[in-house]
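Below is one structure, written out as structure tokens, with a few remarks after it.
What follows draws every value from the coordinates through simple rules; no lab data is involved. Just so it is clear, the model here is predicted, and its values are computed rather than measured.
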């Protein structure tokens, strides 16, 4: 703290502002955007991205499965046959009859999604398969980090052409977050936010909001993610109320948080603390029971992704409402679900297996879709998935190991869904685009998907896209075309 | 382990006297490369600061003990303290519960034990070192294979505690052959490749033992700086090395197993089923080939020996230990001094953790006055344990099953941490994390900020409130499931605000409270002059617990 700057008079001045546990939030004016009989109640032109991160490396090649007999047979053989707990415990393939109810089609052929993508029973909510058939869900096949397009021969002959640290969880996750293959402190989401946040009214609340924990994806030059939990916001104990003692504590804490410190660690701590209290005051009235930020849609329980997405829906509602002091026109959300690193028990039917995880994902996204319908934001919100890598087609005995090219999903009212983007690979082991264990060399890069989403958010100039995605020019197209507008 | 150098210390022979040192019970010591200008902390504040770095928090009794015996003797005594066992406690409670027709122990009991040992265990340095090691050699009960095995996981903790001052090579050996680690990183029942090649050995442990437990991803100098070739870092290994190490770690099963699929689920050291072990030649780290035809334990020893001998091991492990005890951003010179101790403890032994920990804590960069960028954000769990210890917290009584509840069994949501309960094998926070903003701009590292955000800062603060405001000796209807702070020393000073603030400074801030904070607390006490003594006392404790000066140890 700096010197003896604290005087008793200052101290008392702090205490007299009993409601000012922070104070900045209360100074923002209300804003009526259109004062006419046709007054809007939501921010016009609002758009949001929602990044759903699958932590651990999703076994994506059991989420999108070829259904025509010839290609299915190749798939099943490469995965050591259909899993059977007794007769073939090491097999990783899903039985073809089990895929009958989740068939989908694309110009490139007949496929099926994982059996767990059926509709959720109880509340009528679509699963991922229904969303695909409704044209709201698109799939990107064989996507992964790349420096530039690379053939299998080049992969073998020229290691420097491969992205760095393949198959390492943290490194591959990092590449997805930063959208480039050289070390960089910022994520592509944060850099997009830097450019598009200028239309947001309340700049104290970051355009990047995370319900899924700390992440690099949402870090930009002037943007840093605001972190919330799926259960909302908690106030600070012992710091509310009008008692003398409460006021004394509050005043003392505020003084400690207003002082400056020699240590950057202490400075950063107090910066986080101040932000936490200011934003609590701002958002709490909206998220409180009966407040503006409430949705009625039923979300599945015992599903942390559903918990997070429900909070996203509530925050979107609150952020678009022109009677509330946020009024953002551009936001980026981040949620995260773990448990995908299934070296073991991949095919287990229990809660430790992939099938249950896919069920939770499908049901959570279906409920989120319904909630977006409730708040009239289906066309304004685009949800997409990322994961560090897919998993080996071949088994390790009861699971799969780290691989590379994967399958991503894009969900939204403005998505040109009901089709595959990218190329569905030949699933022979050690085939034309696969390595010995069925790790696929991607045909589509992270940059291409991310640039398409960035463009939808309003980053359209070649130079801006090139700044955020330095490798983008190496690829044939910077727009995969899965967004309608 | 070679303990000759410790024996030398206890003889009290001083070969060199630094100029100006007073004669007295202890002389400054110069033993091998342990250059300790003076063996005694100069005052209470220095002792408390050391104990803040080295233990779960200073107590007045420990401050006095350290000041009496000096650093070297303190280390000798800590090294000789046996590990407070978690596993035997878990077995006892489990047996009691089962005998009474109840379900067995869970990880909640494991967490209760962890908090209790941290709060009042005698082997403080040993337990702190185990905590540090558990954040490098990570297993986690968040993994479905371990979530139902609390006794086995508690044995893993005991292994780290027992070996805390032994040799890191032994730690690697114990961890590699431990069934909980085997299940966590899936080399348990890992089989050699099927004849048709469709089933390949699991690569999980092979990758993480290199990336996280021994050498990291890029070649490093002894001071941890990257070795560059043409301006680019040099990877330590490639996929082929991982694939070959995967073959090394094949055949593991339960201790009494005779096939790859039988055996009893115990925490005992795994065995290796030779018939499921890959006996081909394996070219691993550094291009070295482990010859074909060896049996499993020999292959594993060879494989781990190579990683232990790698030049990266010393800086890689040393830097993380510095980060867990003293400083998030140690200077290269500091890292190098510790790494040198790892490479040679002064008696030709490589990997002597006792010597390494001593260097971490006695190094000039740890003992000299803080600079602007020194120190580290305190781990949130350690802020709680330090608060208990600062106020000689009274532990709850055991229940009828001998379990002592400490009030919080799922600290992850509240604190972002859970001992042996991280979300991933990358621990709660990563050594290289740099908080965007002033810290990254300054080129500093800040692992603990990776989990300190608007949400966890509030939730952990509210927990400190519960454990201070609502948990003190003498309160009406005290809870019986968490420690109670003994605030009597503070209450007794209530007529003297300056003395109250001094007491806070001594017990919680190792004498480092700034004049500004002091003024703020005094003003606060003056403003609440009509409050009861106990309200003033717990207010002081709570506000201090939230303060930036308590949040960061320097």
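Seen against the Cα atoms of chain A and their longest principal axis, helix A:264-287 is set at about 90 degrees. From the square roots a ≥ b ≥ c of the eigenvalues of the alpha-carbon gyration tensor of the range B:452-501, which class results: rounded (a/c under 1.5), prolate (a/b over b/c), or oblate? Here the range B:452-501 falls in the oblate category. Pairwise Cα distances in the range B:71-150 exceed 18 Å in 53 percent of cases.
In summary, the convex hull built on the alpha carbon positions of chain A has an orientation-averaged projected area of 26.2 nm². Its Cα gyration tensor gives the range A:232-283 an equivalent ellipsoid. The semi-axes, each the square root of 5 times an eigenvalue, are 21, 16, 7 Å from largest down.
Helix A:446-456 and the long axis of chain A differ in direction by around 50°, with both axes built from C-alpha atoms.
Mean separation of Cα pairs under 8 Å and 6 or more residues apart, divided by the residue count, gives chain B a relative contact order of 15 percent. Relative to the longest principal axis of the Cα atoms of chain B, helix B:332-343 runs at roughly 60 degrees.
Assuming a ≥ b ≥ c are the square roots of the Cα gyration tensor eigenvalues, decide whether the range B:235-340 counts as rounded (a/c under 1.5), prolate (otherwise, with a/b larger than b/c) or oblate. Because a/c hits 1.5 or more and a/b fails to exceed b/c, the range B:235-340 counts as oblate. For the range B:38-183, the alpha carbon positions stretch 54, 37, 23 Å along the principal axes, listed from largest to smallest. Entry note, the range A:133-259: relative contact order of 16 percent, from Cα contacts under 8 Å with a spacing of 6+ residues. Over what distance in Å are the Cα centres of the range B:225-264 and the range A:423-485 separated? Result: 32 Å between the Cα centres.
Taking the square roots of 5 times each eigenvalue of the Cα gyration tensor of chain B, largest first, gives ellipsoid semi-axes of 41, 29, 22 Å. In chain A, Cα pairs under 8 Å separated by at least six residues give a relative contact order of 28 percent. Report summary: the helix-based calculation at 222 nm, which adds -39500 (n - 2.57) for every DSSP H run with n ≥ 4 and divides by the residues of chain B, gives -14000 deg cm²/dmol.
Compute the distance from the alpha-carbon center of the range A:210-288 to that of the range B:291-325, in whole Å. That distance is 43 Å.
The tail of the calculated P(r) for the range A:240-359, taken as Cα-Cα distances beyond 21 Å, holds 62 percent of the pairs. The ratio of the alpha-carbon radius of gyration of the protein assembly as shown to the globular-protein estimate 2.2 N^0.38 Å is 0.95. Give me the base-10 log of I(q)/I(0) for the range B:470-554 at each q in 0.13, 0.23, 0.24 Å⁻¹, Debye formula, one uniform scatterer per Cα, rounded to two decimals. Scattering profile of the range B:470-554, log10 relative to I(0): -0.41, -1.15, -1.22.
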